[in-house]
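The values are calculated or read from the model by the stated rules, or taken from the named source; none is laboratory data. Source: prediction; values computed, not measured. Cβ placement follows ideal geometry from the backbone for every residue including glycine, while neighbour counts extend to all protein chains displayed.
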Ligand SMILES: C[S@@+](CC[C@H](N)C(=O)[O-])C[C@H]1O[C@@H](n2cnc3c(N)ncnc32)[C@H](O)[C@@H]1O
């Protein structure tokens, strides 16, 4: 667990005091500078531990979960207005989880990440791909914040997985994503921890989800992490203290901007193959909380109708 002195609320309070001491008008810039702190912590963390990233996360070896992700991307592909020449951008691509799936689905992909070490891990995998797929990949070393400088309306899919909860404020990302999207394109938010206030589990599932959470915690503790002792828990996820990422916020802004967003929620912070197995054997109608299920289906429906 992060040390108590290393929490985001402490960092925020310290930042506010320092800004106020220097110049009270600088308080307004606090949000922005907290994002810079988050960016710096993330860059350092992933440069230090990037080579262990896939060992550390058991879900990379979970075929059920991989199938879910691929399924989401296939649905998105089918919902796009064009079948050929589709372009995607994977923001905070890491070792290439979504990037590689998108390449295999025939997309041209721009993969962006703040950590050179994570990009080096991606490159190792890309070296094993057939040449016609590698030709379709462009790798960019930089922060999500630099996406503002990319040409507008140039991507059919703007996606990310497990990056929003590493940002202090993720709403600006959605605005940038909207600008990057061509009309009829889709924003995909994969694997984000849903905000605690939105985690309403279907009544029938309460005992089951309690069990899943327990299995998750046990597996996370005893199975996936014990192999990689070098990795330390460090405070790189500001959204953990804020309660998680709000699907509602994405959906509301998405509707306001008339943008199709797919938000793939994560019930709790840690997932294990066992938990995903249980999750997968449930009928879909029981699996998802209404807001999520309805929106998920609606979003694609809307883009098909256009
Ligand atoms: C939890 S990993 C997820 C990687 C990959 N998307 C996946 O799902 O496996 C978070 C990734 O986001 C990157 N990242 C964190 N903050 C970022 C930022 N502000 N801009 C760009 N990348 C960032 C990290 O370097 C890391 O590779």
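Keeping to the stretch 105-128, report how many residues are away from the ligand (no atom under 11 Å from the Cβ) and in contact with a helix residue (DSSP H, G or I) (Cβ under 7 Å, 6 or more places away or on another chain).
4
Just one of (1) more than 7 Å from the ligand (Cβ to nearest atom); (2) in a helix (DSSP H, G or I); (3) within 15 Å of the chain's Cα centre (by Cα) trips up residue 98, so point out which.
Against the list (1) more than 7 Å from the ligand (Cβ to nearest atom); (2) in a helix (DSSP H, G or I); (3) within 15 Å of the chain's Cα centre (by Cα), residue 98 comes up short only on (1).
Please go through (1) farther than 22 Å from residue 57 by Cα; (2) more than 10 Å from the ligand (Cβ to nearest atom); (3) assigned to a helix (DSSP H, G or I); (4) in contact (Cβ under 8 Å) with a residue 60 or more places away in the chain for residue 148 and return the number of the only condition it doesn't satisfy.
Residue 148 satisfies all of (1) farther than 22 Å from residue 57 by Cα; (2) more than 10 Å from the ligand (Cβ to nearest atom); (3) assigned to a helix (DSSP H, G or I); (4) in contact (Cβ under 8 Å) with a residue 60 or more places away in the chain except (4).
Considering only the stretch 107-120, I want to know if a residue exists there that is at pLDDT below 95 and surrounded by 15 or more Cβ atoms within 10 Å (Cβ to Cβ). It would help to see each step written out before you state the result.
To start, the set of residues in the stretch 107-120 that are at pLDDT below 95 comprises none.
Looking for residues that are at pLDDT below 95 and surrounded by 15 or more Cβ atoms within 10 Å (Cβ to Cβ), one finds none in the stretch 107-120, hence no.
Can you name every residue in the stretch 72-102 that is closer than 13 Å to residue 161 by Cα and touching a residue at least 60 places away in the same chain (Cβ under 8 Å)?
72, 73, 89, 90, 91, 92, 94, 97, 98
Would you check which residues across the stretch 129-145 are assigned to a helix (DSSP H, G or I) and either farther than 18 Å from residue 38 by Cβ or more than 9 Å from the ligand (Cβ to nearest atom) (or both) and list them?
Within the stretch 129-145, 131, 132, 133, 134 qualify.
Does residue 84 satisfy the criteria of being over 29 Å from residue 254 (Cα atoms) and out of contact with any helix residue (DSSP H, G or I) (no Cβ under 7 Å at 6 or more places or on another chain)?
So residue 84 fails the test.
If you check residue 89 against the conditions, is it part of a helix (DSSP H, G or I) and either at pLDDT below 95 or within 12 Å of the ligand (Cβ to nearest atom) (or both)? Can you show your working first?
Numbers: part of a helix (DSSP H, G or I): no; either at pLDDT below 95 or within 12 Å of the ligand (Cβ to nearest atom) (or both): yes.
Answer is no for this residue.
In the stretch 151-169, what count of residues is obtained for those that are more than 12 Å from the ligand (Cβ to nearest atom) and under 12 Å from residue 42 (Cβ atoms)?
Of the residues in that region, 0 qualify.
Among the residues of the stretch 175-200, which ones are surrounded by 22 or more Cβ atoms within 10 Å (Cβ to Cβ) and assigned to a helix (DSSP H, G or I)?
Listed by number, the residues that qualify are 177, 180.
Take the stretch 143-156 and flag every residue that is out of contact with any helix residue (DSSP H, G or I) (no Cβ under 9 Å at 6 or more places or on another chain) and loosely packed, with under 12 Cβ neighbours inside 10 Å.
Hit for the stretch 143-156 is 149, nothing else.
Between a first residue in the stretch 35-57 that is over 20 Å from residue 11 (Cβ atoms) and a second residue that is assigned to a helix (DSSP H, G or I) and at pLDDT 90 or above, which pairs have beta carbons less than 6 Å apart while being 6 or more apart in sequence or on different chains?
Here the result reads 50/117; 50/118; 50/121, each pair linking the stretch 35-57 to a residue that is assigned to a helix (DSSP H, G or I) and at pLDDT 90 or above.
Determine whether residue 48 is surrounded by fewer than 16 Cβ atoms within 10 Å (Cβ to Cβ), in contact with a strand residue (DSSP E or B) (Cβ under 7 Å, 6 or more places away or on another chain) and farther than 17 Å from residue 160 by Cβ.
Answer is no for this residue.
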